[in-house]
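Structure first, commentary second.
Nothing in this text is a laboratory measurement; each read-out follows from the coordinates by a stated rule. For clarity, every value in this text was computed on a predicted model and none was experimentally measured. Quick reminder, even Gly has a Cβ in these numbers, built from the backbone with ideal geometry, and neighbours come from all protein chains shown.
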Amino acid sequence: MELSLGERADALRAVLRELLRQTSPQRRWSSFATDPDARAAVAETTRRLGEQRLLTLSWPAEYGGADGSEWEQTVLREEMWAHFEPRGAQYMGLNWVGPILMKVGTPEQKQRHLPAIAAGRESWCQGFSEPGSGSDLASLSLPATATGTGWRISGQKIWTSYAGLADYCFLAARTARTDNPRAGITIFLIPMTRPGVTVRPIDSMLGEQHLNEVFFDEVQAGPEDVLGEVDHGWTVMKLVLQHERIGIARYARDERVLATLAGHAALDSELARVQYARALVGARVARLLNYRAVALREQGALTDEVASTARIANIRLDQQVAELALDLSGPDALEPGETAAVADRIEDVFRYARSATIASGTIEVQRGLVARAAQRGERHGS
């Protein structure tokens with residue numbers, strides 16, 4: 001594998017960093033924040049990226065993309081994550097909702113959503129998790145009852161990131177009950193403004209907007225809202241999970257944090273230097289595993305084993321680096337900063353990393369996928 005992404009990637013990074021320098025907030029707020037100034041800064045960043053077709057570099061031009069490569073999109077993910085994801089709630093639409101729509105959406109759905117996502121005008125949340133079902137997605141029970149002309153949806157989703165900021169929900173609902181729990185699931189594309197949809201924030205150490213409950217009270221859905229085939233939503237969900245596992249370049253932010261800490265006085269300690277070196281090695285390993293996953297996806301050969309292995313490396317690194325950064329910074333990390341500098345955001349990094357082994361499928365689920373692939377004799381996408 002060629003480890004350098006080349007001069008074109010370097011030029012793209014320079015363009016992205018200059019754009020972010022001009023548009024990113026100067027105070028230490030999260031892209032989840034409801035503060036009007038923060039929302040305005042996120043909107044300006046996404047607008048500028050969208051105008052230059054930088055949000056969706058690898059998408060086809062007909063859908064608002066730039067006909068770029070998977071590697072250019074990887075550079076974008078790395079720079080956005082290293083700069084604390086200034087695109088805000090665009091993450092899901094860009095990384096997996098759009099690509100899934102391209103694969104299984106109707107022409108009308110593609111026309112309605114893809115240009116809006118590419119321009120940064122449309123945000124999404126994911127309606128998968130439910131109270132009592134946890135990471136076992138096949139156990140979801142939120143019912144969508146057939147009405148003759150469509151479906152009536154009533155029930156609850158939980159832990160829904162971006163729900164308070166999203167325009168649409170990528171919703172998995174139970175349309176039939178069979179002996180096979182993976183059958184009878186249907187994906188609906190539901191506007192968050194549709195009558196009967198209610199969002200209730202969940203307070204947590206992660207901060208505002210990270211976690212929400214979403215309630216559906218007699219919400220009406222028609223055939224035009226269905227993505228893919230009725231009762232065959234599990235096929236769509238598997239595509240989602242493959243994209244989602246390598247859609248977050250956590251290692252890029254961790255490398256930036258480690259670079260910031262390189263000259264810290266606390267590294268005079270031999271133990272601290274050993275921990276730092278281990279974290280640096282972990283960051284390099286995570287990057288290489290993610291690059292392997294990207295290369296295989298580009299070839300159409302990405303497997304669950306490879307995608308989950310990359311994700312496991314990402315989330316373990318995230319918590320390792322967060323804990324090391326907090327230990328090295330000590331009480332200074334708890335002082336509120338007035339800038340968006342990495343050193344002023346160590347506490348944010350630590351708090352957000354607490355969810356890394358749970359969000360988007362627990363680390364136990366990822367390890368199970370890798371173990372089952374090993375039992376079947378699947379190795380490295382072959």
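Considering the chain as a Gaussian network with a 10 Å cut-off on Cα pairs, which listed residue, Asn290, Asn212, Asn314, attains the greatest mean-square fluctuation? Result: Asn212 has the largest fluctuation of those listed. Where does helix 233-245 land angle-wise versus the long Cα axis of the chain, in degrees 0 to 90, nearest 10? Result, in degrees: 10. Between Gln52 and Thr235, the modelled labels are 4.0 nm apart [label points 7 Å from Cα along Cα→Cβ]. Counting other Cβ atoms within 10 Å as a rough exposure proxy, the listed residues Thr198, Thr23, Thr186 run Thr198, Thr23, Thr186 from fewest neighbours to most.
Normalised Debye scattering of the chain at q = 0.07 Å⁻¹ gives log10 I(q)/I(0) of -0.31, counting only Cα atoms as equal scatterers and leaving out solvent. Going by a ≥ b ≥ c, the root eigenvalues of the Cα gyration tensor, does segment 6-121 fall in the rounded group (a/c under 1.5), the prolate group (a/b larger than b/c) or the oblate group? It is oblate, given that a/c is not under 1.5 and a/b is not larger than b/c. When shorter helices are ignored and each DSSP H run of at least 4 residues is given -39500 (n - 2.57), the per-residue value for the chain at 222 nm works out to -14500 deg cm²/dmol.
Determine, from the Cβ-Cβ distance of Thr145 and Arg112 and an R0 of 22 Å, the FRET efficiency 1/(1 + (r/R0)^6), rounded to the nearest 0.05. E between Thr145 and Arg112, to the nearest 0.05, is 0.30. Cross-link reach is defined here as a Cα-Cα straight distance under 20 Å, omitting same-chain residues fewer than 8 places apart; for Lys157 the aspartates and glutamates meeting it are Glu130, Asp136, Asp167, Asp203, Glu208, Glu213, Asp217, Glu218, Asp225, Asp231, Glu244.
Measuring nothing but how far apart in sequence close Cα pairs (under 8 Å, 6+ apart) lie, relative to its length, the chain scores a relative contact order of 15 percent. At full extension, Arg367 and Arg354 could sit 2.9 nm farther apart than now, given 0.36 nm per residue minus the alpha carbon distance. Once a ≥ b ≥ c are taken as the square roots of the eigenvalues of the Cα gyration tensor of segment 246-375, is the result rounded (a/c under 1.5), prolate (a/b larger than b/c) or oblate (a/b not larger than b/c)? In terms of gyration-tensor shape, prolate. Between Asp217 and Ala374, the distance separating the two model label sites (each 7 Å from Cα on the Cα→Cβ line) works out to 4.9 nm. The overall shape of segment 136-196 is oblate: from the C-alpha gyration tensor, with semi-axes ordered a ≥ b ≥ c, the ratio a/c is 1.5 or greater and a/b is no larger than b/c. Residues Leu241, Leu76, ranked from the fewest to the most other C-beta atoms within 10 Å, line up as Leu241, Leu76. Each of Leu165, Leu55 has some number of other Cβ atoms within 10 Å of its Cβ, and from fewest to most they run Leu165, Leu55.
Taking amide H as placed 1.01 Å from N in the peptide plane, Ala144 has its amide H under 5 Å from the amide H of Arg174, Thr175, each at least 5 places away in sequence or on another chain. Over all pairs of different C-alpha atoms in segment 125-236, the reciprocal of the mean inverse distance, the Kirkwood hydrodynamic radius, equals 14.0 Å. Computed from backbone phi with θ = phi - 60° and the Karplus coefficients 6.51, -1.76 and 1.60, the 3J(HN,Hα) list for segment 138-151 is 5, 8, 4, 10, 3, x, 10, 8, 5, 10, x, 10, x, 9 Hz; x is used for glycine and proline.
A Förster distance of 25 Å, applied to the separation of the beta-carbon atoms of Ala259 and Asp37, puts the FRET efficiency at 0.35. Each peptide in 174-184, 222-232 was scored by the mean count of other Cβ atoms within 10 Å over its residues; highest first, the order is 222-232, 174-184.
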